[in-house]
Each structure stands twice: as structure tokens, then as C-alpha cells.
1. Residue by residue through the range 250-262, what is 3J(HN,Hα) from phi via Karplus (6.51 cos²θ - 1.76 cosθ + 1.60, θ = phi - 60°)? Round to whole Hz and write x for glycine and proline.
2. Going Cα to Cα from Lys192, which lysines come in below 28 Å? Please leave out same-chain ones fewer than 8 positions away.
3. Using a basic spin-label model with each label point 7 Å from the Cα along Cα→Cβ, how many nm lie between Leu383 and Thr404?
4. Restricting attention to the range 407-462, which trypsin sites (Lys or Arg not before Pro) occupy a DSSP loop and are surrounded by at most 12 other Cβ atoms within 10 Å?
5. What whole number of Å gives the distance from the Cα centroid of the range 260-329 to the Cα centroid of the range 166-209?
6. With runs of 4+ DSSP H residues as the only contributors, calculate the mean residue ellipticity of the chain at 222 nm using -39,500 (n - 2.57) per run, divided by the residue total and rounded to the nearest 500.
7. Which whole-Hz couplings ³J(HN,Hα) result when phi for each residue of the range 35-45 is put into the Karplus expression 6.51 cos²θ - 1.76 cosθ + 1.60, θ = phi - 60°, listed in order with x for Gly and Pro?
8. Which links in Lys406/Lys598; Lys406/Lys508; Lys320/Lys421 stretch past 20 Å when you go from one Cα to the other?
Amino acid sequence: MIAVLLMLAGVALEQSRESRPNVVFVMADDLGWADLEPYGSLYHRTPNLARLASRSARLTNYHSASPLCSPTRSSILTGLYPARTGITAPVCHLPQVQLEKRLSPGNPNQKALVADSLTRLKTEYATLANVFHDAGYATAHFGKWHLGHGKGYEPRDRGFDADIPHTPRAAGPGGGYLAPWRFVTDKEFSGKPGEHIDLWMAGKAGEFIQSNRGKPFYINFWMYSVHGPWNADATRVEAFKKTADPKAAQRNPLYAAMLSHMDEAVGALLGAIDKAGVADNTILVFTSDNGGFSYPPKATNPPGYEEIPATSNAPLRSGKASNYEGGTRVPCLVSWPGKLKPGIVEWKFSSVDWFETLTAMTKVGREKVARTDGINQWPALALGRECREALFVHFPHGSEAAETDKPGFWPGTTVRKGPWKLIRFYARNDDQTDRLELYNLEADIGETRNLADSQPAVAAELNALISAFLKDTGAVVPKANPAYRKQTPGAVDWSASKDAMARWNNGKLQIVSSGGDPFVHVRGLPAGEGPFTVSFVFNSTSRGPAQVFWQTAGDKGFHRDRSVVFKPAHDGQDHPVELKLPVEAPIVALRIDPSADKGTITLGEIRLKDRQGKVVRSWPEGR
């Protein structure tokens, strides 16, 4: 009798597992709010996503938890705000393991001290994959991870049975999307020449689904599209070139072709789900990790599209890396045939809500999870009932130099409540006090009219919410840099990247590199006639090649086609360097990338000379 009861209990358990819905979480990288046909694009062609949208809840007020990728990815998997986990920047590909919340020491060129983001998702946090795996689901991660590498930090360590094509160190598809892939180092994963990585992944996902029929599955299908490098099949690019309107906001044929590749991969994935006969029992989410890249790509393959903004998020302001709406408001489709009615859902939704929402939809227990910051949004999706009162984004990064090209790329915290949005920009005013910007998004979705002065009571109420949020999450809060501009003359001209600190020491520009992409740059240079010569005395204990970039008045940002590369000696000794800059037009900005690794570099006697050999600028000044 006991044996029969145990057998019946086992059968009941298996039936329960089989009846549980599958979950497929599809995420694009850097996809903008207005990039898809179902979100109003008149240029891009995304028929598969249009088909998905026709049977989905289409969210119009969905926000990533950060305007950059890794923080948002962590928020989806843990249900915790990036402010709480400490992953606030996309630095999880770096070799160093940094697990402490703290402010960066900064340098005298920075108005604000910003956060030093963690470089790994701490192992103490349970993930969605852990929860589903414990509930008997087959789990797999396909595509970009960017939440840490090394023992304990990769997908197979965080609840996933499979990790394909296993690129935990990759911040993007370095070398390009079309096979052979340089960024995929595992030899077991390779595609046919010219095969797109996301389409290849869709095939592998189909194999995983077929091999797990009869068992519920949870899949992360986190595409590499449409992150840089700017690379697509040339035939597709030419096809979109023929339909581009030079006056339209969205007009970059290369980016349109990249979206076409992405849409094809989504179509193949949908086809695999249909072929397996599990579409009616599968919850599918499609979204993006942050806003669209609304800036010129600067380097493209095929060439010729470098100066055309990749996309436009209009009517939203700015894009990726910005605290404005274009940085975090992204497309989101949710499909569950027979359970979720297609149509528009306008309520506020954050990426931090997926943990609570998906576990509620699948009735998977999460009792072992200590806490989450998200809320269950199933009532909003199914019943049209607003669930979230306020929505927060904490982005403690950015700089004055980068903000010039990317409006809103400044350390800040945002709160949304009702029609109102308040941004607290840290140390943004001339006197290094915080700046408040208040917008009524119902009347001004483009954030053109700052109402902080005319609506002080609203600004004060929302600012108090920000303060409470920062305290509750233990956030690293940027603050005014007390050393700002306290340096020798000429030093204020040079700014450092996030991977470097720079200061003047005994008449030399000292650069301390933390690895990654260290560089210093200077703007506002006087006019002169080229070709130019730049010279300096170079001393370094770092490694790797070095490069000098320049900008002319018509340029937006620095570009590798306007640079010279040199191979310095990193031996701790002084070496004179003189480089010819083959540019005739007046130079308005310079950038020096002194190395590609950790170390200390000093640049002394920096000179910029015109075609006559006249010194048009020197650092320190007057020397």
C-alpha cells in the first residue's frame, strides 16, 4: 500500500512539473524604446517581433533598473536594485574581483566622486535560475552574461544547467557577429562562416527545448544584438540603404541590418518553441537591458555609417548611459497564450520586478530567498491594475566630458511617481551642490522643461523618496570632490577616464591606470594649421600599446580613424615620444591612451605644435 501511495505521489509530482509553464526570457542588448515596428519605427523591419507583439502584452512604461547593462542583468536575476547589490556599472568582465561597495578616489579633474562598482555578482544572492532549478526546471543560459567570471561567478555556478556559448568575460561580441567569432573561445562552439551568433544560439536553444520535452524549462536567451561592434551582413546593409530617409531620425542602414539579424534570431527561437509543441504553455518575455545607442557609432563594418546616429529614441530624450528617459525606458513584450490578453499595458514596471512576477506566474516557491526589491506585477499584466507606486534608478557614474556627447550621463538617482520624474544629479551645479530636475512626463515626455523651481513641493516630496531609497538599499552615493581643480595651472584641462586617475605631480601628468580603458583627454584647444606634432616624455610601469586621438571642429567624439598608434617602452624610464598627426584642420581636442593594463604612467613636457613647428599649447602651461 505504501509503495502504491509513493508511486502515485511521484506521478502527481511529475504531472505537476509538466503542467508548470516554461519561461523564456529574451533580452536584447542596447535596444531602444522606438526601435521596433510595434513601438512605432517606420524604418526598421522587425516582422517576427511584430508577430510576437500581436499576441503579447505590450508595455509602454517599462524601465531597466540602470541605463547600462550589467546592473540591469543583475536586477533581473536577483530581484534586487543595483544600488543594493553594488553592481552599478558594466565592469564585470574585468579581471580584478572587487566586492566592496565604495566611492572611487577620483582625481582633481572630477567634480563628483562616483561609485567604484563591484565586478562580480555576489554568490550570496539567489538567482531566478536557482529558484527554477530547485523547483525541477531544466535551466539554460544562452548568450551574453557580463555578471562575472571565474569560479563561483559564471552561469553554471548560479543555477544554470547549460551556458552556451560560454562567454562570461565578454562585454560584447568583440570582433563581430558573423562567424568565425573571436569572442567565443570554447572550441566546441563554432558556427559556419558568416553565420550570425544570435541565429546560431536560437538553433542551440531549440535543441535544448527538444531535449527537455516533458519537463518545464527556464531559458535566458540574452542576445548580443544590438551592442557594438557595428557589424552586419553587407547585403542587408545595402538593402536598408535604399530605403533610408536622410531627414528621418532613424536612418542608419547598418543598425537597421543589425536589427534585422536580431529579429531573425527571435523568429527562429519562436519557431523552435512552436516545433516543440510547448508554445501554449510558455511564458515569453522580450525586452532590452538599457536604452538605445542614439549616438554616432564612430566605427562600422562595413564602413561608411560612422557619423549617422545608430538610432533615435525620440520622443524620449538621450539614450544609453543617460538618466533621461531614453536611457532606461525600453520595449517589453510579455506573451502567455490563453492566460494573458494581448494589448497595451501602460503601468510602471521595473526590471527589478521580474523575480517576484515570474515566480508568481509559475507558482514556483521562493521561500529560501531572503528578500527582493521588486513587486509582483502579474495583476498589472493580467487585470490592468497598477501595482507599482514609485520606480527608482540609481546610476552613480558619469562625467562632465562624456555628458557633452551623451546628455544625462552624470551620476544621479531618479524616482518616478505618478506623472512626475525627479532626477538628483550629484555635484552637478557650478558650486558642486546637487542639481534637481523635475519633469511632468505626461505633459513633457521629452523632458524639455525642468519644473523643480516652479513645483518646489513636488520636488521636495520626491527628493525625500530618493533619500529613503538610498538609505534602504545602502547605496553608494556620489558626492562633491573636495580636491576638484585644486592643482597646478594647466591641470584642469585634462580629464581622465573611469579606468584612470590623473593628477599633476612635479610638473608631470601622473596617470594611475586600473586596467580596462585608461586615457586622458583635453578639450578647447586653440585653432592652428596642421599637420600637427604632439610630443611628451613618457614613463610607464604598465603594459600594452598606446594611442593618440584628435578631434576637429566637425567631429563628435574620438574615433580610431583619427589616431596614431605607438609602442612605448614600459620600463619605468623616461623616453621622449614625438608623433605626427596627419590632420590639416584645426584640432580642438586630444586624447592619450597610454597603455592597456594596470600601472602608473607619467607624461612630462607635453607639447602640441602646428605645421610651422610653433607650440600652440603646452602642459603645464608656460613650460
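1. 9, 8, 8, x, 5, 5, 4, 5, 4, 5, 4, 4, 4
2. Excluding near neighbours in sequence, the set is Lys144, Lys204, Lys241, Lys275.
3. Rounded to a tenth, the inter-label distance reads 5.3 nm.
4. Details: sites: Arg416, Lys417, Lys421, Arg424, Arg428, Arg435, Arg449; in loops: Arg428, Arg449.
Sparse-neighbourhood loop trypsin sites (Lys or Arg not before Pro): Arg449.
5. 18
6. On the way: 13 runs with 136 residues, N = 623.
Calculated mean residue ellipticity at 222 nm is -6500 deg cm²/dmol.
7. My calculation for the range 35-45 gives 7, 9, 4, x, 10, x, 5, 9, 10, 5, 10 Hz in order.
8. Details: Lys406/Lys598 27 Å; Lys406/Lys508 30 Å; Lys320/Lys421 18 Å.
Violating the 20 Å limit, Cα to Cα: Lys406/Lys598; Lys406/Lys508.
Read the figures in this text as sums done on the coordinates, not as results from a lab. What you are looking at is a predicted structure, and each value in this text was computed from that prediction instead of being measured. So basically every Cβ, Gly included, is an ideal-geometry build from the backbone, and we count neighbours across all protein chains shown.
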